[in-house]
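Here, each number is a calculation from the coordinates, and none is a lab measurement. None of these values were measured; they are calculated from a predicted model. Virtual Cβ from ideal backbone geometry, glycine too; neighbours counted across all protein chains shown.
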Amino acid sequence: MKTAHLFAAIVLLGPIAAPAVAQQATVRIAIKNHKFAPVAPRAPANQPFTLVVRNLDSTPAEFESKSLRVERIVAAGGEVAIQMRALNAGRYAFFDDFHIDTTEGELIVQ
Ligand SMILES: [Cu+2]
């Protein structure tokens, strides 16, 4: 029965989940020496995308953006993948809430 249930779940989820993942863009941002790289990453407008924030520093960071409504702690040496909703074209400021003085970035959605 377990095998049959698993098979049924794959059949149900497969066609819906696979195309959505394949089409979605991934935007990557790294944090190094308490600075973002790139400082102004670009993302596609009007479509959901995945934002991956990788922290290369040995201290935790908190990726935060008021306009994007995101606030996520990124462990030292860690990485988070944030599912973003479709955004209008524009510029969305972000920062590391644990190192506000040195971190400043802007997501350019176009
Ligand atoms: Cu915060």
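For the reader, a short list of remarks on this structure follows.
- Residue count, the stretch 83-110 (criterion: part of a loop (DSSP other than H, G, I, E, B) and within 14 Å of the ligand (Cβ to nearest atom)): 5
- Consider the stretch 63-82 and keep the residues that are within 13 Å of Ile29 (Cβ to Cβ) and within 13 Å of the ligand (Cβ to nearest atom). The one that is surrounded by the most Cβ atoms within 10 Å (Cβ to Cβ) is Phe63.
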